[in-house]
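The values are calculated or read from the model by the stated rules, or taken from the named source; none is laboratory data. Because the structure is a prediction, the values reported are computed rather than measured. Every residue, glycine among them, receives a Cβ derived from its backbone with ideal geometry; neighbour counts consider all protein chains shown. For accessibility, only protein heavy atoms count, side chains too; no ligands or nucleic acids. Shrake-Rupley method; radii C 1.70, N 1.55, O 1.52, S 1.80 Å.
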Amino acid sequence: MSTKRPLIFNPGPAALPLPALERTRDELLDFEGTGMSVLEVSHRAPAYEKVHREAMALVRELLAVPESHAVLFMAGGARTQFALVPTNLLGEGTHGAYAVTGHWSKCALKEASFVGEARVSVDVEADGTFVRVPDPAEVAVDAGAAYLHLTSNNTLYGTQWHAYPEVDAPLVADMTSDLLSRKLDVGRFGLIYAAAQKNLGPAGVTVVVVDRALVEGARTDIPAAFRYASFLAKDSLWNTPPTFAIHVLRNTLAYLADRGGVEALEATNRAKAARVYAAVASRPDLFTLPAEEGSRSLCNVVFRGVEDGVEARLLAEAEARGMVGLKGHRTVGGLRASLYNGVEAAWVEALAELIEGF
Ligand code: PMP
């Protein structure tokens with residue numbers, strides 16, 4: 001490559017493993033011996049179907065998805081799922097229950113209210129602008145809840161659920177910013193969705209893992225393009241899928257599987273997060289960590305300067321060392337290091353050293 005690759009801490013779209021990008025480049029002009037690019041072949045062509053099925057099999061393998069659950073590839077990002085979940089799952093006399101733990105769960109709640117009845121199950125905003133997730137025991141649902149929706153990792157606030165509630169309704173989780181960052185008991189969830197652009201691959205494809213029984217019981221009086229059942233029945237080849245995004249997803253997941261799968265990813269991610277938290281905590285003269293200790297995220301480390309100017313100085317110094325993406329979300333401010341699967345341990349070490357020596 002002609003230009004030096006930065007140390008990428010972007011919140012999403014985010015760093016992808018370089019070998020997955022190189023493979024994508026190498027395959028770009030002659031896809032599976034067709035002489036054409038993957039961008040040019042039909043989604044019905046055997047060459048594409050092979051990649052599609054490989055990508056699905058990799059999701060199943062890496063997440064240990066049980067037979068009871070199906071894997072779907074959909075377009076439209078996580079925000080589209082905010083609407084599709086209630087559209088499919090809310091029926092007469094039922095409601096969606098929502099755990100409000102940050103910006104994205106608030107958005108999910110609002111979208112559901114356009115479709116049917118959405119009730120707040122628990123809301124932790126008042127406890128200090130989303131500095132924690134609830135204890136599972138705090139979470140309850142009313143009778144008639146079709147599901148309990150939660151955001152497993154709050155990308156903007158750097159908080160993450162480390163234990164999930166047990167309630168009398170299927171769990172639906174937006175795992176956009178932590179799916180495949182750590183081990184997961186998929187069978188505990190009715191439905192999981194994750195836009196791919198953080199831990200999994202590129203923007204453009206959303207991975208949905210759903211209990212087949214939930215799809216069977218879902219509404220049928222909604223447009224076909226909005227039904228999970230349409231995608232399930234045709235292995236997500238019901239209409240033209242985002243073929244290139246799925247191709248890059250396949251290449252990323254194949255690389256992550258080769259690196260040892262989810263156990264290895266979790267060990268690396270825990271070490272990366274521990275390194276950055278420790279570095280920030282070693283400089284109480286300069287920085288604070290707003291998220292409560294038991295709620296801290298492995299994927300997004302959020303920290304703040306104790307006085308004016310500290311954050312801007314750190315960002316300038318980071319930029320001089322080739323680091324990008326460390327500015328906090330515009331609505332939250334502060335600093336944020338996103339440490340997804342594509343973020344290399346050496347980059348994290350460089351960031352930790354910068355903070356310690358600042
Ligand atoms: N949920 C979470 C947890 C997110 O982090 C994001 C994006 N940062 C979204 C939803 C929105 O995703 P999209 O842009 O794919 O709709």
## Note on the structure
Largest-first ranking of Cys107, Cys299 by accessible area, probe 1.4 Å, whole protein assembly kept, is Cys107, Cys299
### Task
Would you give the gap between the C-alpha center of the stretch 53-70 and the C-alpha center of the stretch 77-131, rounded to a whole Å?
27 Å
#### Entry: As computed over the stretch 278-358, the Cα convex hull volume per residue (Å³)
99 Å³
### Task
Enumerate the calculated ³J(HN,Hα) couplings along the stretch 251-261 in order (Karplus 6.51 cos²θ - 1.76 cosθ + 1.60, θ = phi - 60°), each rounded to whole Hz, writing x wherever the residue is Gly or Pro.
5, 5, 5, 4, 5, 5, 5, 4, 6, x, x
### Summary
Per residue, the convex hull enclosing the alpha carbons of the stretch 1-150 has a volume in Å³ of 193 Å³
### Task
Using only the Cα atoms of the stretch 194-353, each taken as one equal point scatterer with no solvent, compute I(q) by the Debye sum, divide by I(0), and report log10 of the ratio at q = 0.10, 0.18 Å⁻¹.
-0.52, -1.11
### Query
With N residues in the stretch 1-83, what two-decimal value do you get for its Cα radius of gyration over 2.2 N^0.38 Å?
1.36
### Summary
Rounded to a whole %, the carbon-and-sulfur portion of the accessible area of the chain at a 1.4 Å probe is 53 percent
#### Entry: Å² per residue, accessible surface of the stretch 1-118 at 1.4 Å
47 Å²
### Task
Over the stretch 203-358, give the accessible area per residue in Å² for a 1.4 Å probe, as an integer.
42 Å²
### Task
Beyond 37 Å, what share of the Cα-Cα pairs of the chain is found? Please give it as a whole percent.
20 percent
### Task
Could you tell me which GluC sites (Glu not before Pro) in the stretch 45-75 are loop residues by DSSP with no more than 15 other beta carbons within 10 angstrom of their beta carbon?
Glu67
#### Entry: GluC sites (Glu not before Pro) within the stretch 134-225: DSSP coil, no more than 13 neighbouring Cβ in 10 Å
Glu166
### Task
Would you rank Ser105, Ser282 by solvent-accessible area, highest first, keeping every protein chain in place and using a 1.4 Å probe?
Ser282, Ser105
### Query
What is the dipole size for the chain, taken about its Cα centre, with +1 at each Lys and Arg Cβ and -1 at each Asp and Glu Cβ, in debye to the nearest 20?
660 debye
#### Entry: Solvent accessible area, Å² - Phe114, 1.4 Å probe, full protein context
150 Å²
## Note on the structure
Heavy-atom accessible area of Asp127, protein chains in place, probe 1.4 angstrom, given in Å² to nearest 10, is 80 Å²
### Query
Heavy-atom accessible area of His329 with all protein chains present, probe 1.4 Å, nearest 10 Å²?
30 Å²
